[in-house]
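Below is one structure; the comments refer to it alone.
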Amino acid sequence: MRRLLLAVAALGLPLAVVPEAAAATSLGDVIPAPAEVAPAARADFRISPVTVVRTGPATRDIADRLARDLRRVTGQPLPVTSFAPGPVPKIALVLAPGDDTIGDEGYRLRVRRNAVTLRANTPAGLFAGTQTLRQLVRDRTIPGGSIVDYPRFAYRGAMLDLARHFHTPDEIRRYIDEISRFKVNHLHLHLTDDQGWRIQIDSWPRLTTVGAAPGTGVDGVGGGFLTKAQYRDLVRYAAARFVTIVPEVDMPGHVNAAQVAYPALTCDGVAPPPRTDTAVGYSSLCISSETTYRFVEDVIRELAALTPGPYLHIGGDEAHATSEADYLTFQQRVLPLVTKYGKTAYGWNEIAQSPLATNAVAQYWNTTTSNPTVAAAAANGMKVVMSPAQKAYLDMKYDPATPLGLSWAGYIEVRTAYDWDPAGHLTGVGEESVLGVEAPLWSETLRDLDDIEFMAFPRLAAIAELGWSPASTHDWESFRARLAAYGPQWTARGVDFYPSPQIDWR
Ligand code: TNX
């Protein structure tokens, strides 16, 4: 603010014209940036002891969650009710289908002095709107005006790696809480890798009794897995926040933990030693063995049964111990299995080599901005989720001094994470092929929730904005100002975010 006043003074303008946007609270002060914002003067809404939250029975959960959140920050009672006569000051959540502009996840927000009205076609849209509202409340006040908002891309994701170090259901829930505030709507769980297997599979029980035993994890630290009951619980918890869980079982590489548990998954039948190092690309399922496909089908069937969402991720990355011909043979068998169990196959961008991948979704993680194989598959209908490692990998260090993380794809400060266009990044993969963006967080160096938060925030906010906001709103100066304004919210919730020197934190 002081800097702005100085700038205004330098221009010789009277101080009275200091734009609204520079104030502590402004209607556009939201991450991700809304599509359209129209502030209105003298229309601020003040939350008082008599304010109510009004909604219908179908969206009671959303209203309850909003009220709980706002009570915490305003200290006001904010009862939730289905009936509030005209003059009662209210925040109304209205389900009103038929608004084509805002689609399945968008909302309209109108703030006047006596009422705040949030309208959407769907509960998902109302939930998104409540996240906007939540960010706008400061000192019990919501700035006046209106917002029309809807996402640029359908898929906005985050990924957690449970294999290198296990993360507990509590930690995963906390992460879901935080990512859903930025309208991220998918959480991809990387459930298996060379070091550990983290999901109960009834037909192959040693995957977890052996593959998730104490000491399974990088540096021999870790152990643990999600039971099916815990997994279903997470699916429900996420769904209540409009987040879809995407399960990943990585194959044909990254399977050492499975082979330790079941030596029959190797070609020579000999169990490999357990691995606690961070090397990649050394393990492969035995492509010529029918046991492999029995295993894969069992796992896919059990995982699909746990998954209400459309996507099932089958990995497919860094299969350096699988020949190219074997890789294609494997995908030719496995991609149809995902379809057989009613899911859309999702895999790392290597799956684009398979002719069957045109019905799948590929997650682009490579650091090159040209990949003819991916572009050709996209031209044939394959959808792409953009996670270029040098931009979107939350496990990369911010700079050389970052105590956690890796640096093989470079250092990623906040601006680097923000300054790219998901539909302009990869040659031949434009807006129509891009399903969305995802920010993966690999766990080789991360153990607890503080570690996760330190690497994810603030960069996850940048990736979330790229996924939601129209390209026309993309502006680093605007983003860094909104991020600075968001910092106190993380602090208040005890989120251990990285205080990037690129941001003038309040
Ligand atoms: C590469 S990215 C991997 C992971 C590692 C990650 C570390 C990808 C699809 N595979 O196995 O954990 O780098 O940044």
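Would you confirm whether or not the stretch 152-175 contains a residue that is crowded, with 23+ Cβ neighbours inside 10 Å, over 20 Å from the mean Cα position of the chain (by Cα) and either at pLDDT 95 or above or of a type outside the set (S, T, N, Q) (or both)?
No, the stretch 152-175 has no match at all.
Any idea which of Ala279, Ala271, Ala264 is open to solvent by 10 Å² or more (accessible area, probe 1.4 Å), among the hydrophobic types (A, V, I, L, M, F, W, C) and within 29 Å of the chain's Cα centre (by Cα)?
Details: Ala271 fails: within 29 Å of the chain's Cα centre (by Cα); Ala264 fails: within 29 Å of the chain's Cα centre (by Cα).
Every option except Ala279 fails the conditions.
Restricting attention to the stretch 101-120, which residues are open to solvent by 30 Å² or more (accessible area, probe 1.4 Å) and either within 18 Å of the chain's Cα centre (by Cα) or closer than 12 Å to Asp149 by Cα (or both)?
Of everything in the stretch 101-120, those that are open to solvent by 30 Å² or more (accessible area, probe 1.4 Å) and either within 18 Å of the chain's Cα centre (by Cα) or closer than 12 Å to Asp149 by Cα (or both) turn out to be Thr101, Asp104, Glu105, Arg108, Arg110, Arg119.
How do the helices (runs of 4 or more DSSP H) wholly within the stretch 334-434 filter down when requiring 1 or more residues that are within 11 Å of the ligand (Cβ to nearest atom) and open to solvent by less than 60 Å² (accessible area, probe 1.4 Å): which remain?
Because the criterion is at least 1 residues that are within 11 Å of the ligand (Cβ to nearest atom) and open to solvent by less than 60 Å² (accessible area, probe 1.4 Å), the helices (runs of 4 or more DSSP H) in the stretch 334-434 that meet it are 389-392.
Considering each residue of the stretch 133-168, count those that are more than 16 Å from the ligand (Cβ to nearest atom), in contact with a strand residue (DSSP E or B) (Cβ under 7 Å, 6 or more places away or on another chain) and over 18 Å from Phe457 (Cα atoms), and give that number.
We begin by selecting, within the stretch 133-168, every residue more than 16 Å from the ligand (Cβ to nearest atom); these are 133-156, 168.
Filter once more, so that each one left must be in contact with a strand residue (DSSP E or B) (Cβ under 7 Å, 6 or more places away or on another chain): 133, 136, 140-149, 153-156.
Filter once more, keeping what is over 18 Å from Phe457 (Cα atoms): 133, 136, 140-149, 153-155.
Final tally of qualifying residues: 15.
Go through the stretch 301-333 and give me each residue that's open to solvent by 40 Å² or more (accessible area, probe 1.4 Å), of a type in the set (A, V, I, L, M, F, W, C) and away from the ligand (no atom under 16 Å from the Cβ).
Ala305, Ala325, Leu328
Can you spot a residue in the stretch 240-252 that is open to solvent by 20 Å² or more (accessible area, probe 1.4 Å) and in contact with a Leu (Cβ under 8 Å, 6 or more places away or on another chain)? Quick ask: steps written out before the conclusion?
Of all residues in the stretch 240-252, those open to solvent by 20 Å² or more (accessible area, probe 1.4 Å) come to 240-242, 244.
Now narrow it down to the ones that are in contact with a Leu (Cβ under 8 Å, 6 or more places away or on another chain): 244.
Yes, the stretch 240-252 contains at least one residue that is open to solvent by 20 Å² or more (accessible area, probe 1.4 Å) and in contact with a Leu (Cβ under 8 Å, 6 or more places away or on another chain).
What are the residue pairs meeting all of these: first residue in the stretch 382-395, first residue assigned by TED's automatic domain parsing to the domain that holds Val414, second residue near the ligand (Cβ under 10 Å from one of its atoms) and assigned to a helix (DSSP H, G or I), Cβ atoms under 8 Å, and 6 or more apart or on different chains?
What qualifies is Val384/Asn349.
Please go through the stretch 258-299 and pick out each residue that is touching a helix residue (DSSP H, G or I) at 6+ places or on another chain (Cβ under 8 Å), over 23 Å from Ser203 (Cβ atoms) and among the charged types (D, E, K, R).
If the condition is that a residue be touching a helix residue (DSSP H, G or I) at 6+ places or on another chain (Cβ under 8 Å), over 23 Å from Ser203 (Cβ atoms) and among the charged types (D, E, K, R), then Arg275, Asp277 are the ones that fit.
Would you mind stating whether Ala439 is open to solvent by 10 Å² or more (accessible area, probe 1.4 Å), small (Gly, Ala, Ser) and modelled with pLDDT of 95 or more?
Here the answer is no, as Ala439 does not meet what is asked.
State all residues of the stretch 356-403 that are of a type in the set (A, V, I, L, M), in contact with a Ser or Thr (Cβ under 8 Å, 6 or more places away or on another chain) and under 22 Å from Glu248 (Cβ atoms); if no residue qualifies, say none.
Answer for the stretch 356-403, where residues must be of a type in the set (A, V, I, L, M), in contact with a Ser or Thr (Cβ under 8 Å, 6 or more places away or on another chain) and under 22 Å from Glu248 (Cβ atoms): Ala360, Val361, Ala377, Ala378, Met382, Val384, Ala389, Met396.
Before we move on, is Glu465 more than 14 Å from the ligand (Cβ to nearest atom), under 23 Å from Trp505 (Cα atoms) and at pLDDT 95 or above?
Numbers: more than 14 Å from the ligand (Cβ to nearest atom): yes; under 23 Å from Trp505 (Cα atoms): yes; at pLDDT 95 or above: yes.
Answer is yes for this residue.
The values are calculated or read from the model by the stated rules, or taken from the named source; none is laboratory data. Every value quoted in this text rests on a predicted model; they were computed, and no experiment measured them. Ideal geometry is used to build each Cβ from the backbone, glycine not excepted, and the neighbour counts take in all protein chains shown. These area figures cover heavy atoms from the full protein model, side chains too; ligands, DNA and RNA do not enter into them. Shrake-Rupley method; radii C 1.70, N 1.55, O 1.52, S 1.80 Å.
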